[in-house]
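A.B. asks: The structure is given below, and queries will be raised subsequently.
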Amino acid sequence: MPVRLWWDLAAPATQAAGMRRLTVDAATWVRAAEEFAAADAHLLALWVARAPNQEGFLIRAAFVAAGAGLILELPIADCDPPYPGLEPFFPAASRMQRAAYDLWGLRATDPDRRPWLRHAAWPEDQYPLRNPAVMAAGTGISEAYRFVRVAGDGVHEIPVGPVHAGIIEPGHFRFSIVGEKVLRLEEHLGYVHKGIERRFTDFPILEGHRLAARVSGDCAVAYAWAYCQALEGMVGMRVPARADWLRALCLELERIANHLGDLGALGNDAGFAFGLAQFSRLKEHLLRANEAAFGQRYLFDTVVPGGLHADLSQSGAHTLGDFLSRLAPEVESLRDIYDEHGGVRDRFVGAGRVAPELAARLGLIGFAGRASARGLDVRIDFPCAPYTDLALRRVTRTAGDVAARVAVRFDEVQESCRLSLHILKSLPSSVHRVECPPPVQGAFGTGLIEGWRGPIFLALEAGAAGAISRCHPHDPSWQNWPVLEHAIIGNIVPDFPLINKSFNLSYSGHDL
Amino acid sequence: MFKTIKRIAAIGIVTEAAPPVDPQLCVREILQKRIRALLGRALCIRHVDAGSCNGCELEVHALNNPIYNIEGLGIKFVASPRHADLLLVTGPVASNMRVALQRTYEAMPDPKMVVAIGDCGCTGGIFGESYASCGRVSNVIAVNVAVPGCPPSPTRILQGILTAIA
Ligand code: SF4
């Protein structure tokens, strides 16, 4: 049964997005997941919530295929046996299930029972999302984590992290190598777990967008928009058209800024410092244009419930338009320089290859997925306003190596510049914000926005008196981190920074 | 190659002047003026993200771009705490990072300075204190300079660093 038929069976989850909800029993849960995997649907997220009657829990899994988004809900009680894990069909589910156990104490049938987000900061038999009284008590180190050992003649291990040798987020990588060649990489994440999901419940629901924007700071617009989409869906409101368009403008600016930063860093990792200097200069100018237009370099508090925090002024629009029309040709000429540079090409081509079949099997998502022939782009396949009215070109490649991910980023910068200039020209003239009323207790909403890395999914539930009872933000890095472990196999250790940067996955968005 | 050189020549030097020091950012002095004078501006920084949202890192990164050009001031980021004079910490301290932060601090040779970056580093910020967050950086290690902002601009961060060694 294709995803669309399951979708027809289900009830709309919210008024706004086309996401639907279906409550299932364990057998149907497994059958549906199996069919979704066969139909090449994407697993967006897997998380736990309390059942509405406060007795027992719901294991939820969100999937998306072209035009259809579906959330399966499996009711479960403490006394039940482990629920069926989805990792046989969607390998990325494994870490989500392990995290769900750490936070809720509910086991999946997944044979991997190692903790994931819980290191040793809080006691093993306590579950912070279930019990608000859980406080930090342990040391926080988890030197006992059981990495998979690779044995054999001449095999040795390199442990790296959590503190890395650059200005980046912390995480641990365990390489098993022979000579310079990587036989296996195993990641151990969770170091920046700072309790975001529980923290959400301290916020009034009309202010949670501020925390959402800080789940992963480089995706501030995408998260804040996903949050607002969920909230506005709950109360059944539409924001003014101008707000839709300005949100899309902010989202595309965020995409451009991140791609620029990474394109520079990738040149640098390939030994071409010129690239870093040029792209970081362009990025700085973009951030300054952002500041002139929206009052912020990074657009943290721009997207708010009901619309935009502040309107875009004439002069702000002018500054942005001016900059973007100069940016596009500059980036194109830098692309020529990258393409013609033998040393850069030599490092990019063939490095960190994720073949399309592997990408499909592991569920690679976002721009990295598009570089491995996985077409999904939520802006096209599951669009919200104003993307429904924007003719966006899908960017894909099939080679799946660093060069392909670089090519997708270059193309996306151009496409986002084109889109942003179009938005600036055709901005509807309406108010930029209307008031968003608080939702009723028990209301449920979802948001789905194509951030620069990939789809940002967020599920929100309203508590009593304008509070948040549950908020689960989900970063595409959950899906892509495990793929990085495969991308590096057979490559040499010195290429790891380059390959890693070509994905540039989020730690904070994943660790929560 | 020609295109590359042409471009370098066409753009020229874009570096801006460094901001003045701001004594208000100083929360605690440990280094005597005499030592600071000896160190001058040949400063090595080790950065640790103790639990940030990654927003502050992006602005710390910007210090390396040609416009702020921190290396032009004699200041550079180093890969090992053993080579560092100053520890730049972003984020609230996640409980899972507490020990790693302490160990990084202990690995640095004396005399050493600590600059906490962002509202999170200064107060715990939006994440506060919880089962998974120890809050502000000074809850875990001694802090000399604290730079508020969410995220603070590169100019403010640079001001904080320059204040620490003024
Ligand atoms: S201060 Fe703001 S930008 Fe910096 S880590 Fe905290 S939330 Fe992120």
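A.B. asks: Spot the failing condition for A:Glu197; the list is (1) within 14 Å of the ligand (Cβ to nearest atom); (2) in contact with a Leu (Cβ under 7 Å, 6 or more places away or on another chain), and only one is missed.
C.D. replies: Against the list (1) within 14 Å of the ligand (Cβ to nearest atom); (2) in contact with a Leu (Cβ under 7 Å, 6 or more places away or on another chain), A:Glu197 comes up short only on (1).
A.B. asks: Looking at segment A:224-240, can you tell me whether even one residue there is over 28 Å from A:Ser430 (Cα atoms) and either within 14 Å of chain B (Cβ to nearest Cβ) or among the polar types (S, T, N, Q) (or both)?
C.D. replies: Going residue by residue through segment A:224-240, those that are over 28 Å from A:Ser430 (Cα atoms) are none.
Within segment A:224-240 (the criterion being over 28 Å from A:Ser430 (Cα atoms) and either within 14 Å of chain B (Cβ to nearest Cβ) or among the polar types (S, T, N, Q) (or both)), the answer is no, since none of the residues qualifies.
A.B. asks: Of everything in segment B:68-89 that's modelled with pLDDT under 95 and among the β-branched types (Val, Ile, Thr), which residue is nearest to B:Pro154 (Cα to Cα)?
C.D. replies: The qualifying residue nearest to B:Pro154 (Cα to Cα) is B:Ile70.
A.B. asks: Can you name the condition, by its number, that A:Arg335 falls short on among (1) of a type outside the set (Ser, Thr, Tyr); (2) at pLDDT below 95; (3) closer than 30 Å to A:Leu427 by Cβ; (4) in contact with a Phe, Trp or Tyr (Cβ under 6 Å, 6 or more places away or on another chain)?
C.D. replies: The failed condition is (2).
Table: residues versus (1) among the acidic types (Asp, Glu); (2) assigned by TED's automatic domain parsing to the domain that holds A:Tyr338; (3) under 23 Å from A:Leu44 (Cα atoms).
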residue: A:Glu180; (1), (2), (3): yes, no, no
residue: A:His193; (1), (2), (3): no, no, yes
residue: A:Arg198; (1), (2), (3): no, no, yes
residue: A:Asp202; (1), (2), (3): yes, no, no
residue: A:Val215; (1), (2), (3): no, no, yes
residue: A:Asp244; (1), (2), (3): yes, yes, no
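A.B. asks: If you don't mind, there's one more thing I want to ask. Looking only at segment A:116-136, decide whether some residue is β-branched (Val, Ile, Thr), surrounded by fewer than 19 Cβ atoms within 10 Å (Cβ to Cβ) and either within 14 Å of chain B (Cβ to nearest Cβ) or in a loop (DSSP other than H, G, I, E, B) (or both).
C.D. replies: No, segment A:116-136 contains no residue that is β-branched (Val, Ile, Thr), surrounded by fewer than 19 Cβ atoms within 10 Å (Cβ to Cβ) and either within 14 Å of chain B (Cβ to nearest Cβ) or in a loop (DSSP other than H, G, I, E, B) (or both).
A.B. asks: Here are some residues: A:Tyr223, A:Tyr227. Which one is part of a helix (DSSP H, G or I), of a type in the set (Ser, Thr, Tyr), more than 14 Å from the ligand (Cβ to nearest atom) and modelled with pLDDT of 95 or more?
C.D. replies: Just one listed residue meets the conditions, A:Tyr227.
A.B. asks: Select from segment A:99-115 the residues that are crowded, with 23+ Cβ neighbours inside 10 Å and either more than 21 Å from A:His474 (Cβ to Cβ) or away from chain B (no Cβ under 14 Å) (or both) and list them in ascending order.
C.D. replies: Of everything in segment A:99-115, just one residue is crowded, with 23+ Cβ neighbours inside 10 Å and either more than 21 Å from A:His474 (Cβ to Cβ) or away from chain B (no Cβ under 14 Å) (or both), namely A:Ala100.
A.B. asks: Answer yes or no as to whether A:Leu185 is within 30 Å of A:Gly154 (Cα to Cα), surrounded by fewer than 24 Cβ atoms within 10 Å (Cβ to Cβ) and more than 14 Å from chain B (Cβ to nearest Cβ).
C.D. replies: In short, yes.
A.B. asks: Looking at (1) at the interface with another protein chain (Cβ under 10 Å from one of its Cβ atoms); (2) at pLDDT below 90; (3) within 16 Å of the ligand (Cβ to nearest atom), find the lone condition where B:Leu25 falls short.
C.D. replies: So B:Leu25 meets the others, but not (1).
A.B. asks: So, of the residues in segment A:317-337 that are among the small types (Gly, Ala, Ser) and in contact (Cβ under 8 Å) with a residue 12 or more places away in the chain, which turns out to be nearest to A:Arg281 (Cα to Cα)? Don't jump to the end; show me each part of the working.
C.D. replies: Going residue by residue through segment A:317-337, those that are among the small types (Gly, Ala, Ser) are A:317, A:321, A:325, A:328, A:333.
When the remaining residues are screened for being in contact (Cβ under 8 Å) with a residue 12 or more places away in the chain, the result is A:317, A:321, A:325, A:328.
Numbers: A:Ala317: 21, A:Gly321: 18, A:Ser325: 16, A:Ala328: 14 Å.
Filtering first and then ranking leaves A:Ala328.
A.B. asks: Among the residues of segment B:88-117, what is the count of those that are in contact (Cβ under 8 Å) with a residue 40 or more places away in the chain, within 16 Å of the ligand (Cβ to nearest atom) and outside any helix (DSSP H, G or I)?
C.D. replies: 9
A.B. asks: Based on what the data block shows, is B:Gly149 within 11 Å of the ligand (Cβ to nearest atom) and not in a helix (DSSP H, G or I)?
C.D. replies: yes
A.B. asks: Could you check, for segment A:261-274, whether at least one of its residues is farther than 19 Å from A:Arg345 by Cβ and surrounded by 21 or more Cβ atoms within 10 Å (Cβ to Cβ)?
C.D. replies: Here is the first cut: in segment A:261-274, the residues farther than 19 Å from A:Arg345 by Cβ are A:261.
Checking which are surrounded by 21 or more Cβ atoms within 10 Å (Cβ to Cβ) leaves us with A:261.
Yes, the conditions are met somewhere in segment A:261-274.
A.B. asks: Of the residues A:His209, A:His193, which is touching a Cys at 6+ places or on another chain (Cβ under 6 Å) and either within 14 Å of another protein chain (Cβ to nearest Cβ) or in a loop (DSSP other than H, G, I, E, B) (or both)?
C.D. replies: When all the criteria are applied, what remains is A:His209.
A.B. asks: Identify, by number, the condition in (1) surrounded by 19 or more Cβ atoms within 10 Å (Cβ to Cβ); (2) farther than 14 Å from A:Ala165 by Cα; (3) touching a residue at least 40 places away in the same chain (Cβ under 8 Å); (4) away from the ligand (no atom under 14 Å from the Cβ) that B:Cys56 doesn't meet.
C.D. replies: For B:Cys56, the failing item is (4).
The values are calculated or read from the model by the stated rules, or taken from the named source; none is laboratory data. Nothing here was measured: the structure is a model prediction, and the numbers come from that model. Every residue, glycine as well, gets a Cβ built from its backbone with ideal geometry; the counts of neighbours run over all protein chains shown.
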